[in-house]
1. Is there any pair with a first residue in the range 254-276 that is at positive phi and a second that is of a type outside the set (D, E, K, R) whose Cβ atoms are under 9 Å apart and which are 6 or more apart or on different chains, and what are they?
2. Let me confirm something: among ALA99, ALA147, ALA143, which residue is over 24 Å from GLY57 (Cβ atoms) and touching a residue at least 24 places away in the same chain (Cβ under 8 Å)?
3. Would you tally the residues in the range 54-101 being at pLDDT below 95, outside any helix (DSSP H, G or I), charged (D, E, K, R) and surrounded by 15 or more Cβ atoms within 10 Å (Cβ to Cβ)?
4. Tell me, which residue of the range 1-22 that is small (Gly, Ala, Ser) and under 28 Å from the mean Cα position of the chain (by Cα) is nearest to SER351 (Cα to Cα)?
5. Of the residues that sit in the range 1-15 and are at pLDDT 95 or above and out of contact with any Lys or Arg (no Cβ under 9 Å at 6 or more places or on another chain), which one is farthest from TRP365 (Cα to Cα)?
6. Can you give me the ranges of the helices (runs of 4 or more DSSP H) entirely in the range 304-375 with at least 2 residues that are within 17 Å of the chain's Cα centre (by Cα), modelled with pLDDT of 95 or more and within 22 Å of ASP281 (Cα to Cα)?
7. Can you go through THR353, THR269 and tell me which one is closer than 25 Å to LEU108 by Cβ and among the polar types (S, T, N, Q)?
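The values are calculated or read from the model by the stated rules, or taken from the named source; none is laboratory data. Bear in mind the structure is a predicted one, so any value in this text is a computation, not a measurement. Every residue, glycine as well, gets a Cβ built from its backbone with ideal geometry; the counts of neighbours run over all protein chains shown.
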Amino acid sequence: MSILVTGIGELTTNDGDPLAGAAVVIDGDRIAWVGAASSAPDADECVDVEGRAVLPGWVDSHTHLVFAGDRTAEFRARMAGEPYTAGGIAVTVGATRAATDDELAAGLRKHIAEAVAQGTTCIETKTGYGLTVDDEVRSARIAAAQADEITFLGAHLVPAGTDAESYVDLVTGPMLDAVAPYVRWADVFCETGAFDEAQSRAVLKAAAAKGLGLRVHGNQLGPGPGVRLAVELGAASVDHCTYLTQSDVDALASSDTVATLLPACDLSTRQSLPDARALLDAGATVALASNCNPGSSMAYCVTTAVLQMRMSVAEAVRAATLGGAQALRRDDVGVIWPGARADLHVLDAPSATHLAYRPGVPLTWAVWRAGARAR
């Protein structure tokens, strides 16, 4: 069934400047046509959005959605001035291991539904709260049934009572072998208190040898080797990038590794916000993602990027759509052009500028995900 979406006030395609007076035709799960509304072909159904802005659905390329439990006590402590050390991961690990498959699947379904209702149409999520072979496999299997992209993050933290080197051997051996059929990517938390450079390199090289794409949690809690390692090994993205040296910025700018920024995470951990302006001015590719665990919405990340990180509205929207797609090495999402997946986000506003101009106001009016009306 084909659908003509017309009456668009501003259309962001990520192929040049936004268009006025445009229309889009959806046919099945794909975009079939984009152009001037006056030249639109006939379709089985017509939806007039009455002057509202249309943009690609958000592409959230970094989330942690397969989990159980609650870390509000840790959050309250951080807001009271205690430093963030990533130790709360262990609390979630315990709760996740104790949860049933049905409970984990229900939680994942709830968080994906929340994201879709706010305009996210393509979502990546990770394992990493099981940290045993069986629990990582079931996390990957549950995630693969619902999310678009799945990442193996067995190297999230060394479990209590486990030797780091022995655990890396487990991650790069039996755990990787068992999880690989369910995932496309592998990740490592390359950070003080998690995995050092040598351990991170071992995890990434083993994953690459298994045929998985690479991602890196890097430079979140302080300067470190994460960015350099990601670029050296050709990782699709290095995520967080909160503390960057000039050499880190230069390395990213001269590579195709995407710098994925997670401003909602930085605010909730009372970290500094990444220097998005330095990355963009150097020519690096930037993505915005929510880090949802449960975290916050992509619209909030876009608003924060504009109001506090010196990104323009166009740059922030691009980073949250096309940037996320590039971080996932995909060319079928994050854009609106013929052949792309039919993921549309309609704002109850005439332009995307209202995302930052009216911070905190819920603006999602309609969502199509793979051609199906999701809101």
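1. Close Cβ pairs satisfying both conditions: ARG270/MET79; ARG270/GLY81; ARG270/PRO83; ARG270/TYR84.
2. Exactly one residue qualifies, and that residue is ALA99.
3. Total satisfying the criteria: 1.
4. GLY9
5. ASP15
6. The qualifying helices (runs of 4 or more DSSP H) are 313-320, 322-327.
7. Selected residue: THR269, the only one of THR353, THR269 that is closer than 25 Å to LEU108 by Cβ and among the polar types (S, T, N, Q).
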